[in-house]
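This report refers to the structure that appears directly beneath it.
The values are calculated or read from the model by the stated rules, or taken from the named source; none is laboratory data. Nothing here was measured: the structure is a model prediction, and the numbers come from that model. Neighbour counts run over all protein chains shown; Cβ positions are idealised from the backbone, glycine included. The accessibility values were calculated without ligands, DNA or RNA, using every heavy atom of the protein model including side chains. Shrake-Rupley method; radii C 1.70, N 1.55, O 1.52, S 1.80 Å.
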Amino acid sequence: MTLRSASGRRTAAAVAAALLGPPLVTGCGIKPTGVVESGSAARVPVAAPSRAPIAYFVTGEGRLVPSPDPDYADNSPQGSLQLLLRGPGSVEQEVGLGTRLPPLDAGAAGGVRAFFTSEFHLQVRVPFPVAAVDPLGLKQLVCTAVSTAGPTVQVSVRGPDTELEPTRCEAGR
Amino acid sequence: MRKFAPLGLRTRLIAAFLLVAAICAVSTAALTYRQARSAVLTQSQDTAVSTLRDQLEAQALTLPMDRAQLQRVVNEIGKRGKPHPWTVYAEYGTLRASSNVTPTTSGIVTDALRAQVADHPHGAFQRVEDEHGEPYLTIAMPAVFTHHGVREPTGAVLYAVMPLLTEQQTVDAMVQAARQGAIPGLAIAVVPALLAARSVLRPVRDLRRAAQSMGRGRLDTRIEVRGADELSGLARTFNETAGALEESVAELREAEVRARRFAADVSHELRTPLAGMLAVTEVLDEDAERLDPDTAKALRLISAETGKLAVLVEDLMEISRFDARAAELNLDDVDVAEAVRKTLERRHWDDDRVGADLPHGLRARLDPRRFDVVLANLVGNALRHGGAPVRIAVRTESREDGERLLVEVADSGPGIAAEVLPHIFDRFFKADAARTRSAGSGLGLAISLENVRLHGGTLSAANADGGGAVFTLDMPLETTA
């Protein structure tokens, strides 16, 4: 009898602890959280016609940043590439954007060629060796080349030394 | 049991009620609090995130943005914080802009949040605490634009930092409300606990009183049966048991009364024929000398046994009167020494077999006939079973219940065996089982005891230190009727 009442008391205490414990442990107040993803990004209207050529430059952290030029007349892939190879303008430099492509002489920018070999394949020829070019630089080339054609087009980059595997622009992904 | 349960039923019931009430109150409050807190925070967070998104989507951007444009966007959005005012920061390339003139809280945006939106261009938020422990909501909103049907990041990310002070106050108010609600709840729980304890304790108390009353001999005790629960069942059972007990006790008493009346009737009926027989045997005794010796011997035996039978019948009638409570005291003022001497003389015990130590001039108020019977029985018993010389000592003693008369009768025999001592005053008790025939009726000591009791005294038997039995009569010197 004595044993039973003692263990009964212990059981009651355990039940009380089990019921009261979790809510009390949770605590009061507002606790910090980890990063929580919440909805889509903000889709902002950009002041540029959809066919305007876009040159992609690179931030200090190594990310591509689009820099459209609605006033640039030549909206062919070749025109876009010439825009890129001219290098960052004054606004881009203020923002801290740069390029990973080798510097070219002013006249040499015209040495770039781009032509469709099929509906979804673009051949790009540049007047510098491409094997040693930074992968970010290649991305710049590819994305700039298809900025007026659309991201479904495959791009093969060819320099005086070699031709690289065809790739697609991944800027949107 | 006693060691582990020092608390009464009432205390334990109240404790159990309070425990249950506390568990209910705390768990309800805690669950409600958690739900409410998460609802409050979710709403604020969702509102803030969607507001920032809407505000940013309303801004037309020209890429690449210059410092002036970035500052304009930040200033525009910084004014429209919802649900609370916020501070907006923008990061674009190496450009940094803030809606606050003194950017004191930009450090609160964590690198984890920056990395998250850089890798995944989606809205994101994080709750953080500043160095004072104040909660803040930080939101990151990358700006994207549609290019050939694909969303491309513009490279600009807006951060909004919003203090959650209002939410903190709301949450604190909920804790306060839960606490203030629980304490009156617990206080109210005491009331049903007391009522429940009362409904259990009252029948238990009644039952205890009834049991005590029955223990004191009041067999007609009954409990009032209320309701139809287990306790009223117990009360009903108690009443039934008490009824059955009362009935059987009554039956036993009746049987005893019948038996006693039968003994009284028998002795009464025997008295008349015995009186006749005694008269005849006396006449025959006188003529016995003239008969032949054998016949004379037989005749004397019959005469002696008839005498004994007459004594036995007289004793039986005497004890029947005691049983029927018909015995009465005829009190008189007597000289005790005189009374003792008369008793001894009447039985011819005035030789040296019996010695008496009698105080001179001691007067007592008692029934002389019954005192004579008691003393004669004690001395006769001492002479028969103990042995001469028998000493009688009479003295008085003062006690808080008045003056007492003490008479001690001591014999010089072997004393009384220890196993016999408790039964020495029983009726027809034979100290020596082998000696079934004795001169006495077997009722002498029983009658003595009844007579002493009638005087309000006691009669006790013991063995003296030097051997021999001592009977002590202890009765009031002045018996009141």
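At a Cα cut-off below 30 Å, give the lysines reachable from A:K31, other chains included and same-chain residues fewer than 8 away excluded. Hits, sequence-local ones excluded: B:K79, B:K82. Computed about the Cα centre, the dipole magnitude for region B:157-313 is approximately 1100 debye when only Lys and Arg (+1) and Asp and Glu (-1) carry charge, each at its Cβ.
Annotation: the protein assembly as shown has a Kirkwood hydrodynamic radius of 38.3 angstrom, from the mean reciprocal C-alpha pair distance. For chain B, count all C-alpha to C-alpha pairs, find those more than 35 Å apart, and express that count as a whole percent of the total. The calculated P(r) of chain B puts 67 percent of pairs beyond 35 Å. Rounded to the nearest 500, the helix-only mean residue ellipticity at 222 nm of chain B stands at -18500 deg cm²/dmol, with each DSSP H run of n ≥ 4 adding -39,500 (n - 2.57).
Within 10 Å of the Cβ of each residue in B:113-125, the mean number of Cβ atoms contributed by other protein chains is 4. With a Förster radius of 45 Å applied to the beta-carbon distance between B:L284 and B:T472, the computed FRET efficiency rounds to 0.55. With a 10 Å cut-off around each Cβ of B:55-66, the average count of Cβ atoms from other chains is 6. First measure r as the distance between the Cβ atoms of B:A326 and B:K430, then evaluate 1/(1 + (r/R0)^6) with R0 = 30 Å and state the FRET efficiency to the nearest 0.05. Calculated transfer efficiency: 0.60. When the accessible area of region B:332-476 is split by element with a 1.4 Å probe, what percent falls to carbon and sulfur? In region B:332-476, the share of accessible area belonging to carbon and sulfur is 49 percent. Taken about its Cα centre, chain B carries a charge dipole of roughly 2580 debye when the Cβ of each Lys and Arg holds +1 and the Cβ of each Asp and Glu holds -1. If the chain linking B:D46 and B:T32 were pulled fully straight, counting 0.36 nm for each residue of separation and taking away their Cα-Cα distance, it would gain 3.0 nm. The mean count of C-beta atoms from other chains within 10 Å of the C-beta of residues in B:29-38, rounded to a whole number, is 3. Bridgeable lysines around B:K430 (alpha carbons under 22 Å apart, same-chain partners fewer than 8 residues away excluded): B:K308.
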